[in-house]
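Worksheet for the structure shown next.
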Amino acid sequence: AAERGGQRAPGSPAMAARPKRCLVRRGGGRRQHGLAASCLRELRQKASGVLAIDKAAEPITIVLAEDGTIVDDEDYFRCLPPNTKFVALAKDEKWGGRSPDGGTTWLSDVDEVDSAAEKWKQLARQLKDDLSNIILMSEEDLQVLIDVPHSDLAEELAQSQTKIQALQNTLQQVLDRREEERQSKQLLELYLEALKNEGSILSKVAESETVPGKEMDVVDTGTSSPGTSAKTALSDHLLAVLKGKPAPELCLDSQDLELVVKEDTQALAAALSWDKQKAEALQQACDQELSKRLQQVQTLHSLRSTSKGKKTLPWGDWLSSKRKK
């Protein structure tokens, strides 16, 4: 049986409730998500949302991915280091213990460790071929590489751990920059929405004053129910990201961005249950993000071509130039 949280934690005074990054996945699932939480209650709430856990399957249990220790004490949670990996178990789910080779098994999913290892190695090979691929990666892929131990990534890329540390710092900076951009876009959207609402209220007041008792005409814009005849070729996972994430263009990699841009607007609107205008705005945002990334890659390739005819820009120079951008 898994031990209760707090019994394994060393004795220490209560820590200040500051948000820290946690890594969480669903019991039996493969996908890992990064969350910022200042307390165990907040982690449970965010995990339920991002992992799409049914209300009927709550309350969820948070356990350590390392050994299945149940985390149900706030002080114990605060003692855990940043980037601790957790597994969220729904109401009727249980930790599956350890497999015969010593690896952790969640429910019946015995391929998770191998799949995760293959994932980061595939991404690492992309960086080995061309470091500028960092720019084209999704936020999920960036986080996967950040979470890889220095020694493993250094061995895979045939680089020193010092350079790998610099690389992972760069990956974190790219991830942080996208989050800052997302927050800025959200603030701008809220501001524009407030201006729009204020203008609408003033317009209604003015109309009611000039034409007392006149009812407003209802105009059918034809966008309330987008046609459903067209079908999208986008995957369910991609559609879920587009519909559920703020500024989704910042989450996607270049290939997914290109798919969204090329998708039929009417089909995209129908798949997302949006009006056509909102779908067009999403495609424009994806097109702009894709163009920006490709331009950054071209700039780095230009730097590479002028670096004394070398095949690739030296790691230190590349990382330095990336941090300056």
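The values are calculated or read from the model by the stated rules, or taken from the named source; none is laboratory data. Since the structure is predicted, the reported quantities are computational estimates derived from the model, not experimental observations. Heads up, the Cβs are rebuilt from the backbone with ideal geometry, glycines too, and the neighbour counts pull from every protein chain shown.
What the table below lists for this structure:
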item	result
Subset of segment 287-325 [modelled with pLDDT of 90 or more and in contact with a Pro (Cβ under 8 Å, 6 or more places away or on another chain)]	none
Qualifying residue in segment 140-152 (condition: in contact with a Cys (Cβ under 8 Å, 6 or more places away or on another chain) and surrounded by fewer than 19 Cβ atoms within 10 Å (Cβ to Cβ))	yes
Hits in segment 180-200 - residues which are touching a residue at least 12 places away in the same chain (Cβ under 8 Å) and not charged (D, E, K, R)	186
Residue identified as in contact with a strand residue (DSSP E or B) (Cβ under 9 Å, 6 or more places away or on another chain) and modelled with pLDDT of 80 or more among 91, 85	85
Top-ranked residue in segment 55-70 [being farther than 18 Å from residue 32 by Cα and in a loop (DSSP other than H, G, I, E, B); ranked as modelled with the lowest pLDDT]	58
Subset of segment 259-306 (residues that are within 16 Å of residue 136 (Cβ to Cβ), aliphatic (A, V, I, L, M) and within 22 Å of the chain's Cα centre (by Cα))	259, 260, 261, 290, 294, 297
